[in-house]
Amino acid sequence: MKFQKKMGDVLKTYLTKELQEGIGSFSLMFNQGEGLWDVNFALDNIKGFQEDMSLEEAFHLIYHFLFNLVQTIEEDM
């Protein structure tokens, strides 16, 4: 994700709040060389995930999760 390094606290707060397992259910690292945030999270930690979801439903869930994350960051800028 291409956001300034100072947005780290907003990213951490959102991920901790929105992922079911909270802290430890994601990894977040700023890549100084590229100016990008590397974000990793487990799909099954997203609220609303079900193991019997279709691939299309899972993609929609991921899209909405990331869309809301970006929206939250942009509101905080």
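The values are calculated or read from the model by the stated rules, or taken from the named source; none is laboratory data. Just so you know, these numbers come straight off a predicted model, no measurement behind them. Cβ atoms come from the backbone with ideal geometry, glycine included; neighbour counts cover every protein chain shown. Note: areas computed on protein heavy atoms with side chains; ligands, DNA, RNA excluded. Shrake-Rupley method; radii C 1.70, N 1.55, O 1.52, S 1.80 Å.
Seen against the Cα atoms of the chain and their longest principal axis, helix 55-76 is set at about 30 degrees.
Charged side chains reduced to their Cβ positions (Lys and Arg at +1, Asp and Glu at -1) give region 35-76 a dipole of some 40 debye around its Cα centre.
Here the chain is assigned +1 on the Cβ of each Lys and Arg and -1 on the Cβ of each Asp and Glu. Its dipole about the Cα centre then comes out at about 400 debye.
At a threshold of 8 angstrom on Cα-Cα distance, excluding pairs fewer than six apart, so keeping six or more, what relative contact order does region 1-76 reach in percent? Let's see the in-between values first.
Details: 71 pairs, mean separation 23.4, N = 76.
Across region 1-76, relative contact order equals 31 percent.
In this structure the amide hydrogen of residue 36, modeled in the peptide plane, comes within under 5 Å of the amide hydrogens of 31, none closer than 5 places in sequence on its chain. The computed Kirkwood radius over Cα pairs in Å for the structure shown corresponds, within (1) 14.2; (2) 13.1; (3) 16.5, to (2).
Residues in the chain average 70 Å² of solvent-accessible surface per residue, probe 1.4 Å, ligands and nucleic acids excluded. Taking only protein heavy atoms and a 1.4 Å probe, the accessible area of the chain is 52% carbon and sulfur. Rounded to the nearest whole Hz, the Karplus-based 3J(HN,Hα) values (6.51 cos²θ - 1.76 cosθ + 1.60, θ = phi - 60°) of region 6-20 follow the sequence 5, 7, x, 5, 5, 4, 4, 4, 4, 5, 5, 6, 8, 8, 4, with x at glycine and proline.
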